[in-house]
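The values are calculated or read from the model by the stated rules, or taken from the named source; none is laboratory data. Predicted model only: the values in this text are computed from it and were never measured. Here the Cβ is made from the backbone with ideal geometry for all residues, glycine too, and neighbour counts use every protein chain on show. The accessibility values were calculated without ligands, DNA or RNA, using every heavy atom of the protein model including side chains. Shrake-Rupley method; radii C 1.70, N 1.55, O 1.52, S 1.80 Å.
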Amino acid sequence: MKRLLLAAPLVLLVGLLAVLGWYNFHKKTDYAPAELVGKPLPTRQLTDLHDGSLASLPAIARASGKPVLVNVFASWCTPCLAEHPYLMDLKAKGVIIIGIDHKDTPINGLSFIEKHGNPYARILSDEDGQMGLDLGISGVPETFIVGADGVVIDKITGPIVPETVPAVYKAVSEGTKLP
């Protein structure tokens, strides 16, 4: 009986470790917050990188009259550079893309665009990162599919890659979520 009582804590510990181990291998591995989906874009005023004027992201999105992509990027971001040619492809197909240069200096943002090409209809500066907080991004790049009414339809966390370009094109063209 004494041996049984001495073994009970060991059995409980093994049971607890088994439950925690099972949870660790079965939990969701990606964290992609999408609280803004179904809500209007934040109205914070940002500076246009080209002319220095203040602009509202929802006003720019609504002015297009059709769904747009809002792409948050930075010149220092390697995945942003990898994604860039696919944004150029989407632009060539007629997709309107609004760029937000996140936590970057305007000079570096413009240099990046001059060096690699400009897929954006407008580029806004988010030098202090406050619009990134408003959008709820967890890093760069992140892209939002936004309806003609300025409401976020879907969010893409991470870079757009060759395999996702057709689905992104279809979703933004139809103003729907990604499959």
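Solvent-accessible area per residue in the stretch 52-149 equals 40 Å², computed with a 1.4 angstrom probe and all protein chains kept. Beyond 20 Å in Cα-Cα separation lie the following of the pairs K39/K66; K39/K93; K115/K170; K39/K155; K115/K177; K115/K155: K39/K93; K115/K170; K115/K177; K115/K155. One decimal place: the segment M88-L178 gains 30.5 nm when fully extended, by the rule 0.36 nm per residue minus the C-alpha distance. Using C-alpha pairs under 8 Å with a sequence gap of at least 6, the mean separation divided by the residue count of the chain gives a relative contact order of 27 percent. Restricting attention to the chain, close to 60% of DSSP beta bridges with both partner residues there are antiparallel.
Computed in the context of the full set of protein chains, the accessible area of the chain at 1.4 Å probe radius has 63% of its extent on carbon or sulfur.
A34 sits among other residues whose Cβ lies under 9 Å from its own Cβ, and their net charge, with Lys and Arg +1 and Asp and Glu -1, is -1. All other residues with a Cβ under 12 Å from the Cβ of E174 taken together, and with Lys, Arg as +1 and Asp, Glu as -1, what is their net charge? Once positives and negatives cancel, what remains is +2. Rounded to the nearest 500, the helix-only mean residue ellipticity at 222 nm of the chain stands at -13000 deg cm²/dmol, with each DSSP H run of n ≥ 4 adding -39,500 (n - 2.57).
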